[in-house]
Amino acid sequence: MELNFQVFSSEYFKLLMWKPCILSGEACNCLASILHSIGRFEEALGLMKRVLAIQERVIGPDSQEIILTLELIIMLLDRLGWIDDIEPHYLRLATLSTAFREDDMLDMSDSSP
């Protein structure tokens, strides 16, 4: 079954896709999910990279929300067999995950009686 993305070619959607804001990031993420579900992994990867760029610009490069985006990018790269491209994303994921785990541990120690 071929999915018709003609609805996504409207001027409104073009503006939404390329204006860096949280809403455009969410739109890219939703479309990437649809593309992934129908096996169009390379297109989904391109959109997830756009989500990452939007998140970095709007909420900051060290935001906890970036962790999930990096996990999804790594999964898509793996599905495509692009193993060599995984390492930089994985290293960044590990760094962010460790930083947030340490922050959570500090928060727990501050709240103990």
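Values quoted throughout were computed directly from the atomic coordinates according to the rules given, and no laboratory measurement underlies them. Since we're looking at a predicted model, the values are computed, not measured. So basically every Cβ, Gly included, is an ideal-geometry build from the backbone, and we count neighbours across all protein chains shown.
Computed values, structure above
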item: Ranking of MET48, MET75 by count of other Cβ atoms within 10 Å, fewest first; result: MET75, MET48
item: Length added when fully stretched, ILE22-TYR90, from 0.36 nm per residue minus Cα-Cα; result: 22.1 nm
